[in-house]
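Each remark here refers to the structure printed beneath this line.
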């Protein structure tokens, strides 16, 4: 009798597990999961891009300060343009 109850409970648990796995493979669930993962990837890409642009701007300002390129030269007709 106990053995039959054990196998009945095991079969019910297995049936529940199989139904959940099959439900996870439905097109709506797969599409929803794919959209969520794509949105997460896009957010990560945006964060990376923002950080890269910020670092590039910071480095550019450091280089401009180091080489003295921050000073604007006046546009006068007598100024040589380096040719």
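Values in this text are rule-based calculations from the coordinates and carry no lab data. All figures in this text were calculated on a predicted structure; none of them were measured in a lab. Counting neighbours? That spans all protein chains shown, and the Cβs are built from the backbone with ideal geometry, glycine included.
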Taking only C-alpha positions in the range 2-67, Rg and Dmax in angstrom work out to 26.2, 86
In whole angstrom, the spacing between the Cα centers of the range 31-52 and the range 1-20 equals 41
For residue 40 and residue 21, extending 7 Å from Cα along the Cα-Cβ vector and measuring point to point gives, in nm, a value of 2.2
